[in-house]
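The values are calculated or read from the model by the stated rules, or taken from the named source; none is laboratory data. Note that the structure is a prediction, hence the values are computed from the model and not measured. Here the Cβ positions follow ideal geometry from the backbone for every residue, glycine too, while neighbour counts run over all protein chains shown. Heads up: the accessible areas ignore ligands, DNA and RNA and are worked out on the full protein's heavy atoms, side chains in. Shrake-Rupley method; radii C 1.70, N 1.55, O 1.52, S 1.80 Å.
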Amino acid sequence: MRIDGGCHCGAITYRAEVDPEKTTICHCTDCQQLTGTAFRVSVRAPEDKYEITKGTPKIYVKIGANGARRAQGFCENCGSHLFATSADEGPKVYGIRVGTVRQREELVPRRQFWHRSALHWLPEFEAMETVETQ
């Protein structure tokens, strides 16, 4: 599926080819803090299927609990989180933030991760594979 999107202020735009079945929810506490809300929804795109078409994202590198370095791409003007990917060498897979995708209505999450960190007041997402950690 072809998608396109960008940040809230329009300074950064992108396009990508994604598999909608790879849309996920992450409940980890890092995602909660980075998004400023209860969870993050993203869809994966391999490096050769993701292209920034306008602007240059600012990159923040976070180190996960497992020691992995993750590059967080966002707009330095409006603060929109656009993607996350490996900060290390090798092929990259971009976790595109679904809220920035113009076709977001079509990207229904299929799996959720770090469910043990999910906030207790969230409703259960039925018919979705649930993984307590990663």
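When both the stretch 1-51 and the stretch 79-134 are represented by their alpha-carbon centers, they are found 8 Å apart.
Entry comment: accessible area of the chain is 59 Å² per residue, from protein heavy atoms only and a probe of 1.4 Å. Listed peptides 23-31, 55-63, 43-51 appear in the order 23-31, 43-51, 55-63 once ranked by packing, highest mean of other Cβ atoms within 10 Å at the front.
Scaled against the 2.2 N^0.38 Å expected of a compact globular protein of N residues, the Cα radius of gyration of the chain reads 1.01.
In the stretch 3-134, the DSSP beta bridges split such that about 85 percent are antiparallel, to the nearest 5. Leaving ligands, DNA and RNA out of it, report the carbon-plus-sulfur percent of the accessible area of the stretch 1-115 at a 1.4 Å probe. With neighbouring chains kept in place, the figure for the stretch 1-115 is 48 percent. Over the chain, Cα pairs under 8 Å with separation of 6+ residues give a relative contact order of 29 percent. Across q = 0.24 Å⁻¹, the stretch 1-75 modelled as identical point scatterers on its alpha-carbon atoms has Debye log10 I(q)/I(0) values of -1.37, in the order of the q list. For the chain, the 222 nm mean residue ellipticity estimated from helices alone, with every DSSP H stretch of n ≥ 4 adding -39500 (n - 2.57) and the total spread over all residues, rounds to -1500 deg cm²/dmol.
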